[in-house]
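Below: one structure, written as structure tokens.
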Amino acid sequence: MMTDHVDLLVLNASQLVTAAAGPPGPLRGEDLRRPGIVRNGAVAVAGDRIVAVGASDELRARFTAAREIDAHGCVVLPGFVDPHTHLVFGRTREDEFELRCLGRTYEEIAAAGGGIRASSRRFRTTPRGEIVAQARATRRRALVHGTTTIEVKSGYGLDTAGELTALEIAGEIDDRGDVVRTFLGAHEVPDEWRDDRAGYVRLVCEEMIPAVAERGLATFCDVFCEEHVFTQGETRTIAAAARAHGLRMKLHADELAGTGGAELAVELGAVSADHLMRISDEGIAALAGSDTIAVLLPGTSFFLGMRAFAPGRRMVDAGCAVALATDCNPGSSMTENPQTILTVACIGLGLRPIEALAAMTRNAAYAVGLGDEVGRLAPGLRADIVVSDVPDVRVLPYHHGVNHASVVVHHGVIVD
Ligand code: NIG
Ligand code: FE
């Protein structure tokens with residue numbers, strides 16, 4: 001039999017999670033727990049693409065390879081997709097963390113001028129080079145923990161120049177076309193506009209969105225639609241401007257108070273509704289009947305010390321397309337580690353380990369509009385692969401607090 005030559009063969013996976021089974025699109029309901037697992041599996045890679053997935057014996061017979069990775073009976077899975085981060089922030093907020101440890105709430109700190117506004121003040125006074133270095137280091141840490149595709153939002157500039165800078169930096173740290181950018185000028189009303197909210201919304205719509213679109217700096221537009229932040233009406237206005245400029249919507253919805261954010265996201269045809277800790281039954285039904293992905297961020301509930309997690313189990317069972325993300329940001333979720341999120345998703349949302357994995361690979365890819373490109377191990381998709389050091393999928397979230405990614409393949413290239 002003729003053998004084909006490929007660049008890379010990953011062999012001998014105890015469980016090769018393809019996340020490629022089931023009907024097309026994001027996995028819902030019972031399909032989420034059956035994303036496809038090949039026993040003693042293997043993957044063949046040529047250039048930056050997957051060319052074959054199957055049993056190790058079969059692929060070994062079909063291919064010779066310039067390089068082989070022996071998974072030694074451990075789990076192999078698609079690279080993680082992190083569909084919600086605020087990772088261009090420059091400086092951290094451990095001062096607020098300490099206050100929260102002593103009982104102050106996130107909302108109290110924000111109302112007193114801290115929170116996102118504190119980050120914005122710091123962002124504006126931090127030299128650009130320092131912000132680039134922070135963003136690059138954060139991105140790099142995410143990658144070594146297995147995140148091969150990542151969404152990055154602006155939202156700490158809160159003026160036109162600062163928002164453009166944040167999105168430019170998100171572009172600069174994108175080595176291989178793996179950063180998806182979202183404009184989040186409507187993250188908070190900055191200090192200088194506190195007495196003129198309408199003026200700030202006009203600035204977002206009439207100056208920032210056109211500037212972002214004209215420079216091609218973002219794919220998506222997001223709004224923090226929340227009590228004390230942006231109202232439903234303001235969100236609609238911003239979404240209309242975004243649509244007029246070719247940006248697709250995402251929404252921070254029902255995070256701290258239930259305000260019908262999920263329903264609004266569906267009404268606006270948003271690609272995703274994110275957070276959803278306070279989603280209502282109507283919101284769950286609306287999402288289940290739509291193409292809008294429910295991006296859950298259980299690391300935020302954990303980090304804010306909230307009793308409430310999103311009703312993840314109910315949402316999966318109701319047929320919502322559930323994805324997971326870190327929410328990496330200096331206030332409410334200071335981690336870029338996707339594996340931490342798997343653990344918190346299992347415990348806080350009631351997901352099975354395999355469901356959490358599928359939610360942070362395949363479904364997360366759909367949440368950033370890249371479901372046809374990443375998130376699964378299947379021929380033709382980008383060769384983004386994580387070789388772990390655990391023998392069974394369940395051990396990934398179970399043995400927490402350590403990095404289980406022993407090899408990360410990113411666009412066909414082994415990460416040092
Ligand atoms: O997703 N909700 C809004 N934005 C972030 C928090 C950002 C911050 O505190 O700096 C979030 O939780
Ligand atoms: Fe967020």
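Points to keep in mind about this one:
- As a proxy for reagent exposure, 360, 334, 208 were ordered by neighbouring Cβ count within 10 angstrom, fewest first; the result is 334, 208, 360.
- Note: relative contact order over the chain, using C-alpha pairs below 8 Å and six or more positions apart, is 21 percent.
- Antiparallel bridge percentage (DSSP; both residues within the chain; nearest 5): 40
- 3J(HN,Hα) from dihedral phi, segment 203-212, Karplus parametrisation 6.51/-1.76/1.60, rounded to Hz, x for glycine, proline: 4, 4, 6, 9, 10, 5, 4, x, 5, 5
- Only Lys, Arg (+1) and Asp, Glu (-1) charged, at Cβ; the chain dipole about Cα centre in debye: 580
- 0 to 90° range, to nearest 10: angle between helix 116-125 axis and the chain longest Cα axis: 90
- Contact order normalised by residue count of segment 352-416, Cα under 8 Å, 6+ apart, percent: 27
- The spacing between segment 193-254 and segment 324-396, judged by their C-alpha centroids, is 28 Å.
- The amide H of residue 180, built 1.01 Å from its N in the peptide plane, has 150, 151, 152 as neighbours under 5 Å, considering only residues 5 or more places off or on other chains.
- In segment 138-197, a dipole from Cβ-located charges (positive for Lys and Arg, negative for Asp and Glu) runs towards its positive end, and of 179, 160, 144 it is 144 whose Cα lies farthest in that direction.
- Principal-axis tilt of helix 128-144 within the chain, Cα atoms, nearest 10 degrees: 40
- Backbone geometry of segment 53-65 corresponds, through the Karplus equation with coefficients 6.51, -1.76 and 1.60 at θ = phi - 60°, to 3J(HN,Hα) couplings of 9, x, 6, 4, 4, 5, 5, 5, 6, 7, 10, 9, 9 Hz, x marking Gly and Pro.
- C-alpha center-to-center spacing [segment 131-164, segment 62-109] in angstrom: 12
- Computed over neighbours whose Cβ is under 15 Å from that of residue 241, the net charge equals -1, Lys and Arg +1, Asp and Glu -1.
- Normalised contact order of segment 71-217, rounded percent, pairs of Cα under 8 Å and 6 or more residues apart: 26
- Note, ³J(HN,Hα) from phi for segment 158-173, Karplus 6.51, -1.76, 1.60, rounded to Hz, x at Gly and Pro: 6, 9, 4, 4, x, 5, 5, 4, 4, 6, 5, 5, 4, x, 5, 8
All of the numbers you see were taken from the coordinates with simple rules; none came from a lab. Since the structure is predicted, the reported quantities are computational estimates derived from the model, not experimental observations. So basically every Cβ, Gly included, is an ideal-geometry build from the backbone, and we count neighbours across all protein chains shown.
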